[in-house]
1. Contour minus end-to-end for residue 167 and residue 245, with contour as 0.36 nm per residue of separation and end-to-end as the Cα-Cα distance?
2. What's the ranking of 250-262, 351-363 by average number of surrounding C-beta atoms within 10 Å, highest first?
3. Could the peptides 482-495, 56-69 be put in order, highest first, of the mean number of other beta-carbon atoms found within 10 Å of their residues?
4. Taking 8 Å as the Cα distance limit and 6 or more residues as the minimum spacing, I'd like the relative contact order of the chain as a percentage.
5. Once you sort the root eigenvalues of the Cα gyration tensor of region 206-310 as a ≥ b ≥ c, which label holds: rounded (a/c under 1.5), prolate (a/b larger than b/c) or oblate (the other case)?
6. Considering lysine pairs in region 158-247 that are 8 or more places apart or on different chains, how many have Cα atoms under 27 Å apart?
7. Name the residue from 341, 307, 286 whose Cα lies farthest towards the positive end of the charge dipole of region 273-365, charges +1 on Cβ of Lys and Arg and -1 on Cβ of Asp and Glu.
8. If you line up the long axis of helix 157-171 against the longest principal axis of the chain, both from Cα atoms, how many degrees apart are they, to the nearest 10?
Amino acid sequence: MTQVDSGGGPGRGLDNSVVVIVGCGIAALGAAHKLLRHGFRQVKVLEAKERGGGRIWSCRLGKGLIEIGAQWIHGPSKQNAVFQLASQHGLLDEKAISEENQAVQIAGLPPGVSTYYTSSGKRIGPEITDPMEELYSTLCLKSREFFESKAEPVRSLGEFLKLEIARCAEEWKDDTEARNLKLALLNVEFKMECCISGTDSLDLIALQPFGEYVMLPGIDCVFPGGFKSLIDTMMKSLPKDIVSYNKPVKCIHWNGSFTAPDALERSYPVLVECENGETIPADHVIVTVPLGFLKEHYKTFIHPPLPSSKVNSIQKMGFGTNNKIFLEFEEPFWEAECKLIKLVWEDESPLVSTRPNLQKAWFRKIVGFIVLHPVQRYGHVLLAVLAGEEANFMESLSDSEVKNCLTQVIHRFTGNPLIPPPKSIMRSKWHSDRYTKGSYSYTAVGSSGDDIDVIAEPLPIKSTKEQPLQVLFAGEATHRTFYSTTHGALQSGWREADRLNDHYLSFISINANL
Ligand code: 6YU
């Protein structure tokens with residue numbers, strides 16, 4: 001038993017310290033696991049919703065499980081904490097865990113056959129599409145180099161890519177139609193990048209820090225039993241009743257001296273106030289709520305209010321929407337080997353920016369359709385992805401409006417008005433989810449990795465023996481190099497559990513030296 005005076009009261013040790021974790025996503029579960037392993041005994045997790053997992057949410061559609069939130073393990077290899085955990089628990093298939101798969105340096109989805117359709121109902125082949133895909137990925141790699149060099153020519157990723165594309169286009173010897181088609185193809189890549197980064201426009205992404213996000217090796221893979229199989233596994237090994245659901249936290253009061261009704265002799269520096277009026281005194285609180293929630297509620301969620309440095313960073317960092325629309329068909333209209341159907345609007349170009357008419361043209365932001373494989377697992381299911389304002393707007397429509405609209409899009413692009421509409425639809429609404437308010441974070445223009453570190457800083461900013469750690473911050477938006485991912489979130493939870501453990505260990509060594 002570790003008994004140390006941590007400054008919060010006599011005899012306070014990690015085994016009798018109360019730690020409350022706010023939120024029950026993967027960051028929270030990671031933190032809870034590590035705390036228990038370190039010897040903390042009084043750990044409580046408070047989740048606003050009726051389920052755990054947060055932005056990991058697998059749902060049944062037809063015969064398969066689809067992912068409303070996180071879908072792939074990005075970079076499934078040794079340094080990926082989610083991959084390691086999933087492999088240890090036997091949650092991945094053989095191909096995903098093979099050494100060959102882990103060694104591949106492609107930074108992204110499995111390579112596969114893409115089919116391109118245009119808005120005039122034509123199909124275009126790889127002789128036209130491949131060079132544009134290659135050009136885009138070369139420019140993207142180039143844009144990541146500014147992280148090392150510091151001197152950035154322009155502020156945003158979008159501006160940089162547009163300048164480079166304009167420069168390349170000057171060299172093209174094509175006629176107007178061919179040239180416009182090339183630009184339209186590059187615009188599809190811009191929309192895809194918006195989804196990957198969860199932003200409305202690449203003009204919002206800061207150029208210099210873009211390269212700080214670390215892409216791990218390995219071909220992205222999925223969980224055959226759904227991403228939720230990882231959450232279920234993590235939950236199973238936690239003590240029963242550690243998580244309270246439907247328990248939204250209203251305010252975290254810190255820097256105080258609070259008592260519990262059943263333990264009046266002992267005081268706690270933090271008090272967690274729930275929306276239902278319940279209060280829970282604690283020695284430490286780990287906040288794992290999404291950055292979208294913090295952006296909206298930072299003024300009232302933490303009291304005394306957050307220091308201005310933290311508020312600035314919360315405001316500066318980006319947090320946008322990437323939404324998904326799943327369409328289940330009776331029969332496929334695509335070829336069996338097709339992995340991705342891309343939609344090319346021939347009148348669009350990354351060099352011409354127009355303000356979108358959301359009502360009339362929200363669906364133009366859809367990149368295309370990812371074909372869910374294998375058929376035996378999912379049936380005939382397409383996944384449309386779209387980001388930004390259009391993704392937010394889509395949430396205001398009804399299922400049948402979205403379904404009808406996408407059926408018309410499919411008819412127009414394939415040139416086949418006889419394709420039957422999908423038999424069912426399911427979609428995400430991350431922007432209007434009151435406890436998430438978007439999909440994930442990015443380094444917006446005006447922000448940098450330093451802001452991520454500032455958001456992650458615990459309170460009080462300079463903890464001492466007299467003023468020990470009280471409020472700690474975890475979650476994807478607090479991981480400097482893996483932000484926006486499940487592995488970043490998991491590692492951030494582990495990091496904060498280690499921070500608390502180190503905190504107690506440091507007081508043990510101080511006491512030992514006195
Ligand atoms: C990944 C992927 N993926 C798609 C979509 C989304 C996300 N991600 P949580 O939100 O999970 O938990 C917080 C909890 O707090 C939650 O349960 C709340 O209800 C609760 N809460 C809030 N307020 C509360 C209150 N007041 N009281 C109590 N509780 C409260 N990640 O690895 N692979 O394929 C995708 C994708 C549509 C929405 C993703 C993916 C992101 C992850 O889902 C996400 O990071 C983690 O689940 C977050 O876990 P958490 O615990 O932090 O929060 C170069 C470069 C560019 C950089 N970008 C690269 C992009 C790579 C990421 N792309 C992802 C893409 C997809 C498709």
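1. Values: separation 78, 0.36 × 78 = 28.08 nm, distance 5.46 nm.
Taking residue 167 through residue 245 to full extension adds about 22.6 nm, to one decimal.
2. On the way: 250-262: 14.3, 351-363: 12.3.
Most protected by this proxy first, the peptides run 250-262, 351-363.
3. Numbers: 482-495: 26.1, 56-69: 19.1.
Packing order, densest peptide first, comes out as 482-495, 56-69.
4. Details: 1079 pairs, mean separation 125.5, N = 514.
Relative contact order here is 24 percent.
5. Working: a/c = 2.65, a/b = 1.41, b/c = 1.88.
It comes out oblate by the Cα gyration axes.
6. Close lysine pairs under the 27 Å cut-off: 10.
7. 307
8. Once rounded, the angle reads 20 degrees.
The values are calculated or read from the model by the stated rules, or taken from the named source; none is laboratory data. Small disclaimer: the values here were computed from a predicted structure and weren't measured. Virtual Cβ from ideal backbone geometry, glycine too; neighbours counted across all protein chains shown. Calculation scope for accessible area: heavy atoms of the full protein, side chains included, ligands and nucleic acids excluded. Shrake-Rupley method; radii C 1.70, N 1.55, O 1.52, S 1.80 Å.
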